[in-house]
Structures are given as structure tokens and as C-alpha cells.
């Protein structure tokens, strides 16, 4: 409502409201006043208008949407706020935060790992601030070297606040530039440059996280403040090796995992009190126990030792608990694994690796509805990286919801074409639909990208598609390899299942149960075993394995 000539109330129609703000400058004025009351001169500066007469003209057009308060400052009326909401997109949540990849401007191009490490460290530190939702590294690293406006990135990640910056490392000196930006308005909330010695990097990271919380009016609890100010290590060579190990461990390729192992071991040799390096090494052992390099038992023994050391050094570190959870899963100790996953999330609810691992643990326990909810929570924190995980489509398939399994898998491969779990699900569903060429393409990709650990799916797929001789060739190669190196028995059993040889499939699954093959956790979930589940022998194997 508005007063007309000071005598009577008349309706301000929607048409009048939209006519009043049908100019970009007027929307800027409303945006500026929505942030805070402003005097005439300050308002002009905020919207970039030099001429007082020009500003007065626009204010006249907005006379029904603004008023002056007792201090003489302009403020929005209720109608002004409604009009602003009607013409601008839904405001992105300022407490959802993304730390964009910091740009390396170091003279040595080999120092780019340091910029990537700084990005990850800042994500970890900011994640400790209660009240903030922080997007995972796997989703933000896709914006590295991409020339996109922050408003576009904000919409894509559904975040209202972005931190961006650069780092220059030269010898023992670093220069870090950081700025906090409102993705809704592209306005700067805070910014600062830091010229420090290299050993001060942790203090810089902590200060940036604290300044972000201050700018967003989030209170840091004393316990979280202690975590934020903690230095990971005082040995910069150990820190460099740790960052290189983290970077190498990303791909999952066997040679990269081996390189990560060497870097974590070097970090530990340089600083035997470096909890995060022990946790990183434990994750490597958990991975190598699955993709190859160690038997499950060997990986469990090595991994349990270093994960226990990480916990002994810092049991308030989410990564330490998650590392132990990964090792317990490897050893098929699923109850203990669940406890560690839950503890990790209690310590850091933004820890997306913990979210994924907890979702898998729920899935292993048969709690598929809960697993799906947890995978979706993880996707909120990792909207792009979730496609590199693929667990959600496995959960849907395991519960018999093939429609959603197909939809999710298709969506994931559009984001990450080489995702193994999503392609595995698609291979099976295309097989059921009789789309043989598409099924074969998906199963072939698993072997090509995943190596020996995934070759069983190709053998299974070939057998089911009628290419029995090709399937047997893969089977013969794997059995020959068992004479001189470890091959997960489940891989062999999978091909026998595809060939329809139940006796041999169960023979190799018995071997898998005896050696505690980590892949047995998928026995109730994965499609190669669907037709075996009704056999009493199947239940015996689960009991032998302790599942």
C-alpha cells in the first residue's frame, strides 16, 4: 500500500513495482539498501553514480519502495524487499562456502603442488568452523584455470561465498593473497596479502579461516579455535612430501598410489610425529589392499599399525579415525569401521571422505535407505566430485530400484565419463536391456581404466554377452598370475559366475572368505552375485567371512 497525495490508500500494482525497477541501476540501489541503510552520498558511491541529479532521478522512480529513517538514511520498505525478491534470483546461502583453487605464481612450475596443497589445507581448516558448509576439494578443483565469473561458480556449486587467491613460493618465502567474495553480488567481503616465511604457512591458513568466519559472522568455539591454530608439522620438507603424497593419491592409479606411499613414508621419516602423514599412509595401504600390491591381510597389518600411530598422535583428527575406519573395512571388521566413520564425522561434519565412507559402511550393513541419504548428504558437499564416487547408483541397484540406479549412473558419467562404479552399473543394466554393444563398451572401460582389479567385470560381461572364449582368456591369464602373485579370488569367481559355473564360482569365493578378500563386502550388493544369493552356499561364505 502507498499514500496518494497524503489523503488515501491505493494499491501499488505489480506492474507499477516492476516498472519502478525496470532499470539495472535501480536494482543496484535496492541491493545496496538491502545490505544496510545508506545516506545519499554513500548510496551514490555504492552504486557507482557520480551525479547527484542522476541518483535523485532514480530515487524518485523508487519512491514507493524506499523511505528514510530517523537518521535520514534511505532504507527499503516491505514492498521494496518484496520487489527485490521478485526480480533477482534466489539468494545463495552465504554459509555455504567454496575455496577455489589457489593460483600458483611461483617462478618454479614444479611448485604448483604447493598451491594445490594450500587449497586443500584451507578447505580442511574452514571445514572445522561449525556453522559453515564447505564444498569438497574434488568439486572445486574442476574450476582450476577456468575463466568463470564467481556468480556462475556460486550457482553451479550452490554456494553464497567463495574464497579465491594466489600463492607465490620462492625459496623460504611465501606470498599468499586471499579474498572472500559474495557470489550473489560479486562484492568483496574481505581480502588480505600475507608475506611470510614458509614455516608460517599454517598460521596464515588459520588466520584466513578465522577472518572468513569473522566476515560471515560465525562464532568459532574454543575447541575449534585450538584445532584451527594447530600446525601439522614444523618440518617443511616433511610437509612438502605430504602434499606430494596427497596429490599422487588422487587418481587411484596403481603407479600413483605407489608414488603416494613413497612420499608419505618420506614425510614420516622426516617427522615421526606427523599424524596426517600416518593417516595418509594408512589410506594408501587400504587402497593397495584392493587395487593390488599387497594382499588384504598384508595391507591390513601394515595399515592398522600406521593408523593406530595416527590416532595415538592425534585422536581429535578426523582423518586419523577415517584412516582406521578404512583399514577396519579392509579387514572386514565392519562394526569397528562404522564406529570410526561416525567418530570422524562427529569431529568434522564437513569431511566429505567421511561421508562417503560412512555411506558405504551403511550399505555394507544392508541399511540401504540410510546409505542413500548419506550419499546425498555427501553430494551436497561434493556436487561434482560425487560422480567420481558412484556409490549412490550401487545402493539403488542393490535395493532393486533399477530406474533410479540408471538415472543416477547416467548423470554421473555425464560429469565424470570414466567413473568405474557408474559404468559398472550401466554395463549391467544395458546387458539386461539387451543393448549388447553399449554393455560391452561399459565393461571394457572398467578393465581399461581400472586395471586388473576390475578385469573380472569385463570377463563376467563377455561371458554374459556370449563371448565365452574371450572371457576364458581373461580367466586363464588371471589364474596363471596366481602362481606368482596375489590375485583377489573374487575377481576369478566373478568370471566363473558369468560363465554359469556355480561350482567354480563358489570354490573361489570360499578362497576369498579364507583370505578375507576385501571385495567380499560387495557380495550382497554387486550384480555378478545376484543369481548366487539364493544358494545356501552363499550364506555359508558370508558367515565364514564374518559378514
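State the number of residues belonging to the stretch 192-213 that are closer than 27 Å to residue 148 by Cβ and loosely packed, with under 15 Cβ neighbours inside 10 Å.
Matching residues across the stretch 192-213 total 2.
Of all the residues that make up the stretch 248-263, how many are assigned to a helix (DSSP H, G or I) and either surrounded by fewer than 19 Cβ atoms within 10 Å (Cβ to Cβ) or modelled with pLDDT of 95 or more (or both)? First the steps, then the outcome.
Looking only at the stretch 248-263, we keep the residues that are assigned to a helix (DSSP H, G or I), and these are 248, 254-263.
Imposing the further condition that a residue be either surrounded by fewer than 19 Cβ atoms within 10 Å (Cβ to Cβ) or modelled with pLDDT of 95 or more (or both) reduces the set to 254-256, 258-259, 262.
Selection size over the stretch 248-263: 6.
Could you run through the stretch 492-506 and say how many residues are closer than 17 Å to residue 530 by Cβ and part of a helix (DSSP H, G or I)? Spell out how you get there, then give the answer.
Here is the first cut: in the stretch 492-506, the residues closer than 17 Å to residue 530 by Cβ are 493-502, 505-506.
Among the residues that remain, those that are also part of a helix (DSSP H, G or I) are: 493-499, 502, 505-506.
Summing the residues that are closer than 17 Å to residue 530 by Cβ and part of a helix (DSSP H, G or I) in the stretch 492-506 gives 10.
Would you pick out the residues in the stretch 187-219 that are within 20 Å of residue 95 (Cβ to Cβ) and assigned to a strand (DSSP E or B)?
Once the filter is applied, which keeps residues that are within 20 Å of residue 95 (Cβ to Cβ) and assigned to a strand (DSSP E or B), the stretch 187-219 yields 188, 189, 190, 191.
Would you confirm, using the coordinates I've provided, whether residue 195 is at pLDDT 85 or above, over 24 Å from the mean Cα position of the chain (by Cα) and over 26 Å from residue 286 (Cβ atoms)? Walk me through it before giving the result.
Values: at pLDDT 85 or above: yes; over 24 Å from the mean Cα position of the chain (by Cα): yes; over 26 Å from residue 286 (Cβ atoms): yes.
Judged against the criteria, residue 195 is a match.
Please tell me if residue 477 is over 35 Å from the mean Cα position of the chain (by Cα), outside any loop (DSSP other than H, G, I, E, B) and at negative phi.
Values: over 35 Å from the mean Cα position of the chain (by Cα): yes; outside any loop (DSSP other than H, G, I, E, B): yes; at negative phi: yes.
Against the criterion (over 35 Å from the mean Cα position of the chain (by Cα), outside any loop (DSSP other than H, G, I, E, B) and at negative phi), residue 477 qualifies.
Kindly establish whether residue 440 is more than 16 Å from residue 528 (Cα to Cα) and either touching a residue at least 24 places away in the same chain (Cβ under 8 Å) or assigned to a helix (DSSP H, G or I) (or both). Working first, answer last.
Numbers: more than 16 Å from residue 528 (Cα to Cα): no; either touching a residue at least 24 places away in the same chain (Cβ under 8 Å) or assigned to a helix (DSSP H, G or I) (or both): yes.
The answer is no for residue 440.
Against the definition (farther than 27 Å from residue 489 by Cα, assigned to a helix (DSSP H, G or I) and at pLDDT 95 or above), how does residue 267 come out, yes or no? Full working, then the answer.
Working: farther than 27 Å from residue 489 by Cα: yes; assigned to a helix (DSSP H, G or I): yes; at pLDDT 95 or above: no.
In short, no.
The values are calculated or read from the model by the stated rules, or taken from the named source; none is laboratory data. On a predicted model such as this, the values are computed, not experimentally measured, just so you know. Note that we place each Cβ from the backbone using ideal geometry, even for glycine, and neighbour counts take in every protein chain shown.
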